[in-house]
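Enquirer: My structure is below; once you've seen it, I'll send some questions.
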Amino acid sequence: VASGVGNVYQYLRRPDRIVVDGGTGRVLSINDRNYGKEEGIEFGPDRLTREDKIYITREFVKAVYQVDPATRPRDIERALTMMVPDSAVKFSRWLKEKGVLDQQRAESWQTLWNPMDVSVDKNDPYSVSVIGKQNITKVINGGTVTDSRQLRLTIKLVADNKGRADRNLRSGFLISSLDYQELNEPGNKVAGDTVMPRSAEITPLTALQNRDE
């Protein structure tokens with residue numbers, strides 16, 4: 001019985017956390033008790049930062065707007081995982097109803113996403129503004145079409161109640177909503193630089209907004 005109780009205790013007890021300076025081998029901390037001080041190391045409670053907000057925003061926008069046919073299903077799944085569950089359901093339903101992924105697959109979309117500016121709103125610390133450029137290559141009626149557009153995105157974040165977790169890429173934040181604005185209206189181009197009228201395109205615009213449609 002004593003052995004069984006001891007095994008259960010060892011199984012349930014928190015493991016020791018030991019911080020060692022790799023350069024000198026000196027023990028700096030054991031279970032949050034400081035035993036030394038080293039330049040460049042600070043001990044304290046975890047705090048979600050501006051950099052965490054920018055990181056999760058960059059990764060989410062890239063998963064949505066950078067299209068690689070070889071990884072597209074995994075990228076969309078990754079983006080949905082980074083969202084508030086209710087918003088993820090709405091966004092997934094919108095993608096299916098509008099046929100966004102089917103269109104991208106049928107037209108062999110390949111896009112490059114280039115973020116130009118990512119910043120946290122000074123008036124709303126949980127709102128991140130993104131300006132970026134999306135370069136699109138697709139096949140329409142047997143011809144290769146290229147398109148370039150500049151987008152302004154406003155990403156609304158919420159703190160994840162699970163803290164830093166795999167689903168939020170250890171950032172501590174989830175995506176709540178996305179607002180979209182296209183800043184330019186360039187024409188499509190085909191091989192030979194022949195200018196074509198801009199076609200109507202299905203894109204994830206405000207699908208994450210909390211509104212009834």
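The values are calculated or read from the model by the stated rules, or taken from the named source; none is laboratory data. Bear in mind that the values here come from a model prediction, so they are computed numbers and not experimental data. Glycine also receives a Cβ, built like all others from the backbone with ideal geometry; neighbour counts cover every protein chain displayed. Calculation scope for accessible area: heavy atoms of the full protein, side chains included, ligands and nucleic acids excluded. Shrake-Rupley method; radii C 1.70, N 1.55, O 1.52, S 1.80 Å.
Enquirer: Has the range 111-128 got any residue that is over 20 Å from residue 52 (Cα atoms), open to solvent by 60 Å² or more (accessible area, probe 1.4 Å), at pLDDT 95 or above and part of a strand (DSSP E or B)?
Expert: Within the range 111-128, one or more residues are over 20 Å from residue 52 (Cα atoms), open to solvent by 60 Å² or more (accessible area, probe 1.4 Å), at pLDDT 95 or above and part of a strand (DSSP E or B).
Enquirer: In contact with a strand residue (DSSP E or B) (Cβ under 8 Å, 6 or more places away or on another chain), within 15 Å of residue 61 (Cα to Cα) and buried (at least 17 other Cβ atoms within 10 Å of the Cβ): is that true of residue 150 in this structure?
Expert: Against the criterion (in contact with a strand residue (DSSP E or B) (Cβ under 8 Å, 6 or more places away or on another chain), within 15 Å of residue 61 (Cα to Cα) and buried (at least 17 other Cβ atoms within 10 Å of the Cβ)), residue 150 does not qualify.
Enquirer: Moving on to the next point. Which condition breaks for residue 156 when tested against (1) farther than 18 Å from residue 62 by Cβ; (2) open to solvent by 30 Å² or more (accessible area, probe 1.4 Å); (3) modelled with pLDDT of 95 or more?
Expert: (1)
Enquirer: Check residue 139 against each of (1) in contact with a strand residue (DSSP E or B) (Cβ under 6 Å, 6 or more places away or on another chain); (2) in a strand (DSSP E or B) and name the one condition it does not meet.
Expert: All conditions pass for residue 139, except number (1).
Enquirer: Hey, another quick one. Scan the range 80-110 residue by residue and report those that are over 20 Å from residue 168 (Cα atoms) and either open to solvent by 50 Å² or more (accessible area, probe 1.4 Å) or assigned to a strand (DSSP E or B) (or both).
Expert: If the condition is that a residue be over 20 Å from residue 168 (Cα atoms) and either open to solvent by 50 Å² or more (accessible area, probe 1.4 Å) or assigned to a strand (DSSP E or B) (or both), then 93, 96, 97, 98, 101, 102, 105, 106, 108, 110 are the ones that fit.
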